[in-house]
Each structure stands twice: as structure tokens, then as C-alpha cells.
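Peer 1: Take this structure, written in C-alpha cells, and hold onto it; I'll ask about it next.
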Amino acid sequence: MHLFASLVFPPIGHLTQWKGILFKGTPIEVNKTVLIMWVSVALVFWLFYTASRRASLVPTGVQNLAEAAIDFVQNGIILQTMGEEGLSFTPFLVAVFGFILVCNIFEIIPFVQFPANARMAFPMFGALMVWVIYNTMGIKEHGFVGYLKSQTVPSGVPKALLLIVIPIEFLSNFILRPFSLAVRLFANELAGHLLLVTFAVLSTTLLTAHAVFLKPISVLPAAMLVALTGFELLVAVLQAFIFTILTGVYIAAATSHEH
Amino acid sequence: MLSLLADSNVTINAQEILKGLGAVGAGIGYGAAAVGPGIGIGIVVGNAITAMARQPEAAGMVRTTMFLGIAFTEALALIGFVVFILLKFT
């Protein structure tokens with residue numbers, strides 16, 4: 001219909017692939033995604049560095065925020081999943097939580113509006129990193145064979161069923177965990193980005209349409225866009241929290257002695 | 001649409017048929033993938049509401065566990081979404 005001639009959804013490459021700025025064409029090409037990740041690292045590092053520079057017993061200013069973040073990770077994540085002996089993981093989990101949170105928040109910041117986790121680079125690397133870490137902790141705790149046994153043979157299973165249970169448990173604990181960790185973060189961010197782009201394109205198209213009666217209808221997708229931006233804020237924080245708490249759960253499960 | 005077929009100017013291209021079938025498959029795939037997690041999340045949140053109503057002091061812990069459960073079940077729906085994107089756009 002000629003009414004909607006301009007309602008063309010951009011091809012998905014335009015939404016997620018960005019032009020290289022430096023080192024174009026090489027594997028270390030620097031584009032918008034890479035810049036967002038660098039800024040996230042710099043922000044998180046700056047936050048904790050300035051908080052610790054003139055550390056006082058009664059925190060003020062930036063130190064308040066840093067201490068709140070560390071408190072949240074310790075009480076809400078580490079003590080809930082790993083207990084007291086997991087407290088040595090605090091720096092790692094705070095770094096992961098902070099980095100993923102800032103990367104996700106860039107989705108709703110004007111003029112940037114792209115979450116660095118909408119590309120599979122960091123989700124895949126983060127999941128791989130967590131996989132190496134929880135397997136290393138498990139092997140350190142139980143020894144290699146003992147670790148495999150504790151992960152694949154649940155207690156109380158009759159011997160005859162072990163033929164089926166061991167491959168399923170192996171698949172679930174060693175393959176599906178990192179895969180789902182990566183895909184959960186990646187797909188949440190990509191889906192959020194696509195939703196925001198859809199409603200933005202729709203409201204712009206209706207607003208600039210040729211037929212005048214279409215222009216006031218553009219208020220509806222614009223309102224939806226505002227609501228979705230708020231929802232994306234929730235999803236950004238939630239996904240960072242989920243990634244971090246699942247890291248804690250996996251490390252705790254790998255080092256536990258229940259079986 | 002049938003009148004289109006009767007029109008002698010319209011040629012049936014095998015590639016376009018495949019593209020159309022791919023789009024249909026992608027849509028059905030995601031639709032089927034969204035059923036399970038939808039029901040699952042409903043069950044998780046419903047039980048969380050019951051728990052919070054029975055014991056309001058435990059609401060914080062229940063809420064945290066509820067979010068964890070939602071993330072697990074939502075991951076399956078999102079894997080379906082990724083498959084849809086892959087089929088439709090590559």
C-alpha cells in the first residue's frame with residue numbers, strides 16, 4: 001500500500017553491525033561495540049579507584065556508591081549462593097556485575113543506544129571464562145575424576161538408570177550451562193534492542209507519513225517506546241544480576257560436597 | 001491471491017518459495033517456543049506470590065529466587081527468538 005511506502009524495517013545488519021573506526025577489516029577492528037566496552041571498563045575502574053583513594057571509615061560521595069555495590073554483591077549474591085568461603089570471589093563478581101551492567105545500560109543512553117552485549121563477543125567470552133573458573137574450582141576441590149563423578153552421578157540413583165543419567169547430567173552441567181549463560185545475556189539484549197528499534201521506526205514512519213490522518217496515531221508507538229525504555233532498564237540490571245548470581249551458583253555447585 | 005497465479009505475468013520462482021517457507025517456519029518455530037516458557041513463568045511467579053502471601057517476612061528471598069527462576073525459563077524462549085532471527089535474516 002502506498003500509505004506505508006516508507007515503513008521499511010532496516011535489515012538486521014544495520015542494527016547490530018557498525019562501521020570500523022580503527023584497524024578496519026582486521027580481527028581487532030574498533031567499532032561502536034568495542035568503544036562501548038572500553039568505556040564500561042574505564043567507568044567501573046574509575047568508580048572503584050576513586051572510591052578507594054581517600055577511603056574513610058564513614059563513606060561519603062563516590063565511596064558510598066562503590067560500597068553499596070560491593071555490599072549488594074556480597075549480601076545478595078555471594079552469601080546466598082556460596083556462603084562464607086565464597087567471599088574471596090568478591091572482586092571477580094563485582095567486576096563482572098559492574099561491567100555487564102554498564103554495557104547493558106548503554107542501550108537507553110541517548111546518542112549511544114546500543115547494548116554492547118547485543119553482539120555475541122562478550123557473552124560468549126564471559127560464559128567461557130565462567131566455565132573455566134567453575135571447572136577449575138571443582139577440579140581443585142575434588143580432583144579430576146572425583147569432580148566428574150560428583151557432577152554426573154547424582155546421589156540416590158539406581159545403578160540401572162546411570163546409563164541414561166550420566167550423559168544427560170554431563171550435557172547439562174558442562175555444555176548447556178555456558179551455552180545458556182551466553183545465549184541468555186545475548187538474546188535478552190538483542191531482543192530489547194530490536195523492540196526499541198521497531199517502535200522507534202514505527203512512530204517515525206507514522207509521524208512523517210504522507211497521509212495526515214496517520215500522524216496522530218504515532219503517539220501510540222511513541223508511548224510504547226517510552227514504556228519499553230523503562231523495561232529495558234529493568235532488563236539491563238536483571239541480566240547483569242542473573243549472570244553474576246548464576247556464576248556464583250555454578251561455582252558453589254562445582255565445589256559442593258553433597259554427593 | 002489465486003488470481004495472481006492465473007495472471008500470465010507472474011512467474012513462480014523456487015528461491016522465493018523457499019524464502020517464504022523459511023519465514024513461515026521461523027514464525028511457527030518462535031510461536032511454539034514461546035508457549036512453554038510462558039506457562040513456566042506463570043507457574044514460577046504464581047507460586048512466588050503464594051509464598052510471599054503466606055510469609056511476608058521471606059518476601060525478599062522469595063523475590064530473588066523468583067527472578068532467578070524467571071531468567072532460567074526465559075532463556076528457553078529467547079533461544080527460540082534467536083533461531084527465529086537466524087532463519088529470517090540469514
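Peer 1: Pairs under 8 Å by beta carbon, first residue touching a residue at least 12 places away in the same chain (Cβ under 8 Å) in the range A:154-170, partner exposed (fewer than 10 other Cβ atoms within 10 Å of the Cβ) and among the charged types (D, E, K, R), six or more apart or different chains?
Peer 2: Once the first residue is touching a residue at least 12 places away in the same chain (Cβ under 8 Å) and sits in the range A:154-170, its partners that are exposed (fewer than 10 other Cβ atoms within 10 Å of the Cβ) and among the charged types (D, E, K, R) give A:155/A:258.
Peer 1: Starting from the range A:44-61, take each residue that is closer than 23 Å to residue A:101 by Cα and list its partners that are of a type outside the set (Phe, Trp, Tyr) and assigned to a loop (DSSP other than H, G, I, E, B), counting only C-beta distances under 9 angstrom and pairs at least six apart or across chains.
Peer 2: Close Cβ pairs satisfying both conditions: A:50/A:61; A:51/A:59; A:51/A:61.
Peer 1: Would you confirm whether any residue within the range A:28-42 is loosely packed, with under 12 Cβ neighbours inside 10 Å and at pLDDT below 90?
Peer 2: Within the range A:28-42 (the criterion being loosely packed, with under 12 Cβ neighbours inside 10 Å and at pLDDT below 90), the answer is yes, since at least one residue qualifies.
Peer 1: Continuing with the same structure: May I ask you to list the residues in the range B:36-76 that are within 11 Å of chain A (Cβ to nearest Cβ), hydrophobic (A, V, I, L, M, F, W, C) and either over 16 Å from residue A:239 (Cβ atoms) or touching a residue at least 40 places away in the same chain (Cβ under 8 Å) (or both)?
Peer 2: Listed by number, the residues that qualify are B:61, B:76.
Peer 1: Among the candidates A:174, A:241, A:179, single out the residue that is surrounded by fewer than 17 Cβ atoms within 10 Å (Cβ to Cβ) and at the interface with chain B (Cβ under 10 Å from one of its Cβ atoms).
Peer 2: A:179
Peer 1: Further question on the same structure: Within the range A:126-137, is even one residue small (Gly, Ala, Ser), crowded, with 22+ Cβ neighbours inside 10 Å and within 14 Å of chain B (Cβ to nearest Cβ)?
Peer 2: For the range A:126-137, residues small (Gly, Ala, Ser), crowded, with 22+ Cβ neighbours inside 10 Å and within 14 Å of chain B (Cβ to nearest Cβ): present.
Peer 1: Something else now. Spot the failing condition for residue A:25; the list is (1) touching a residue at least 24 places away in the same chain (Cβ under 8 Å); (2) over 25 Å from residue A:194 (Cβ atoms); (3) not in a helix (DSSP H, G or I), and only one is missed.
Peer 2: (1)
Peer 1: Follow-up. Which of (1) more than 23 Å from the chain's Cα centre (by Cα); (2) buried (at least 19 other Cβ atoms within 10 Å of the Cβ); (3) among the β-branched types (Val, Ile, Thr) is the odd one out, the single condition residue A:60 does not satisfy?
Peer 2: The number of the failed condition is (2).
Peer 1: Give the residue that is farthest from the other protein chains (Cβ to nearest Cβ), with candidates limited to residues of the range B:77-88 that are surrounded by fewer than 17 Cβ atoms within 10 Å (Cβ to Cβ) and more than 16 Å from residue A:120 (Cα to Cα).
Peer 2: B:87
Peer 1: From the list A:111, A:97, A:72, pick out the single residue that is of a type outside the set (Gly, Ala, Ser) and touching a Ser or Thr at 6+ places or on another chain (Cβ under 8 Å).
Peer 2: Among A:111, A:97, A:72, only A:97 is of a type outside the set (Gly, Ala, Ser) and touching a Ser or Thr at 6+ places or on another chain (Cβ under 8 Å).
Peer 1: Another question, if that's okay. In chain B, which helices (runs of 4 or more DSSP H) lie fully inside it and hold 1 or more residues that are hydroxyl-bearing (Ser, Thr, Tyr), within 30 Å of residue A:9 (Cβ to Cβ) and at pLDDT 90 or above?
Peer 2: Numbers: elements: B:2-6, B:14-54, B:59-89.
Of the helices (runs of 4 or more DSSP H) lying wholly inside chain B, those with at least 1 residues that are hydroxyl-bearing (Ser, Thr, Tyr), within 30 Å of residue A:9 (Cβ to Cβ) and at pLDDT 90 or above span B:14-54.
The values are calculated or read from the model by the stated rules, or taken from the named source; none is laboratory data. The shown structure was predicted, so the numbers you read here are calculated from the model rather than taken from an experiment. Cβ coordinates were reconstructed from backbone atoms using ideal geometry, including for glycine residues, and neighbour counts include every protein chain displayed.
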